[in-house]
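Undergrad: Structure provided below as structure tokens; questions to follow.
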Ligand code: HSE
């Protein structure tokens, strides 16, 4: 029998206990042995549960229990999750986590400690909730050079954008609904400002490219400034607005990595991923595009991924020494200003005819978009692909011509 401890009895932690209990027999068959939750760490009291006797408020009860061989960390955040994970690995216990902040921030260090102690550090649930993505990338796509990854990695923002696109709901109303339905993180900024998606793309990029991609180095833009006007212009262009997290091999060993809203053509496989669903497109040099789709959050989908990791550890086939990436001191992420993209730009001007002359002067040929009830003062257009730093100079030049820049959004083509 494998005895495990669960750190945190929130949504995911209670789901882990539930899945292990309700699927006991099939889990035993697959793991080759029974899996039992021996202790649960939480500072709150849960005296009315059938397994209340398993709770402790003291991590040392778990750390010093030699029967416990796997520690499941589902508390979230860096502190004390990092210290608990590190101490567990150093004690020779494998660690399974759903904590994307922990993996994105400290993954290289924890993977190294796991390797040194001949145990595993697994984190399937940290990206895409119940969607299998870490293991398929690491194992099933192992024969490929992965050149690019692009995904809708945050369910809350995808839900909000879907409501804006399909029901013309404004941003604030859609966010409130997402919060009422329990999709948003405790602090909605993690979702709507793109940080959650950033952590997830950093984990996938680190795994794909073998070196730690730190969230702090990644240009991260959220969806708070997206308006229904932008949604209408995207429709006129032939696409939808999605929060896209992306990473690709750049030049000179650099990695281009960014999170931002983007115009996605309706023909793209990512365009039809709606509501709280997530989708990840992996571009392999042998497979071409492979897309993973499913529920990216929620109690049982996430718990399912956590328990699958526990089963893998329990099978004790071996430690997965190759599921790793290296820490690197220097910043390997290319400045977003040195990357290229086509742009949608929306401006306001008192002199539309003259503004169009200035726009042609800066951008050459552009495609003008239209929407219902478009004010005479408003212009929206799409540029050709352009280096971001040039784009910023050109927008500044338009401002000097008394043109107010309302927004600019990148175009992607996956
Ligand atoms: N708040 C996250 C999301 C939860 O909306 O995708 C899963 O990481």
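The values are calculated or read from the model by the stated rules, or taken from the named source; none is laboratory data. It should be emphasised that the depicted structure is a prediction, and the values quoted were computed from it without experimental measurement. We place every Cβ from the backbone using ideal geometry, glycine too, and count neighbours over all the protein chains shown.
Undergrad: For segment 99-120, name all the residues that are touching a strand residue (DSSP E or B) at 6+ places or on another chain (Cβ under 8 Å) and in a loop (DSSP other than H, G, I, E, B).
TA: Residues satisfying the conditions are 99, 119, 120.
Undergrad: Right, another one. Residue 159 versus (1) more than 25 Å from residue 251 (Cα to Cα); (2) modelled with pLDDT under 95; (3) buried (at least 21 other Cβ atoms within 10 Å of the Cβ): which is the lone unmet condition?
TA: Going through the list (1) more than 25 Å from residue 251 (Cα to Cα); (2) modelled with pLDDT under 95; (3) buried (at least 21 other Cβ atoms within 10 Å of the Cβ), residue 159 breaks only (2).
Undergrad: So, residue 151, is that one in contact with a helix residue (DSSP H, G or I) (Cβ under 9 Å, 6 or more places away or on another chain), within 12 Å of the ligand (Cβ to nearest atom) and not in a loop (DSSP other than H, G, I, E, B) or not?
TA: Yes, satisfied.
Undergrad: Within segment 258-284, can you find the residues that are away from the ligand (no atom under 16 Å from the Cβ) and in a loop (DSSP other than H, G, I, E, B)?
TA: Of everything in segment 258-284, those that are away from the ligand (no atom under 16 Å from the Cβ) and in a loop (DSSP other than H, G, I, E, B) turn out to be 266, 267, 268, 269, 271, 272.
Undergrad: Looking only at segment 203-213, decide whether some residue is free of Cβ contacts under 8 Å to residues at least 60 places away in the same chain, in contact with a helix residue (DSSP H, G or I) (Cβ under 8 Å, 6 or more places away or on another chain) and more than 24 Å from residue 312 (Cα to Cα).
TA: The answer is no; no qualifying residue exists.
Undergrad: Residues in segment 157-164: is at least one within 12 Å of the ligand (Cβ to nearest atom) and on the phi > 0 side of the Ramachandran plot?
TA: Among the residues of segment 157-164, not one is within 12 Å of the ligand (Cβ to nearest atom) and on the phi > 0 side of the Ramachandran plot, which makes the answer no.
Undergrad: Can residue 130 be described as within 16 Å of the ligand (Cβ to nearest atom) and surrounded by fewer than 24 Cβ atoms within 10 Å (Cβ to Cβ)?
TA: Yes.
Undergrad: Scan segment 229-245 residue by residue and report those that are outside any loop (DSSP other than H, G, I, E, B) and more than 15 Å from residue 158 (Cα to Cα).
TA: 229, 230, 232, 233, 234, 235, 236, 237
Undergrad: In this structure, does residue 216 turn out to be under 29 Å from residue 77 (Cβ atoms), without any contact (Cβ under 8 Å) to a residue 40 or more places away in the chain and within 16 Å of the ligand (Cβ to nearest atom)?
TA: No, not satisfied.
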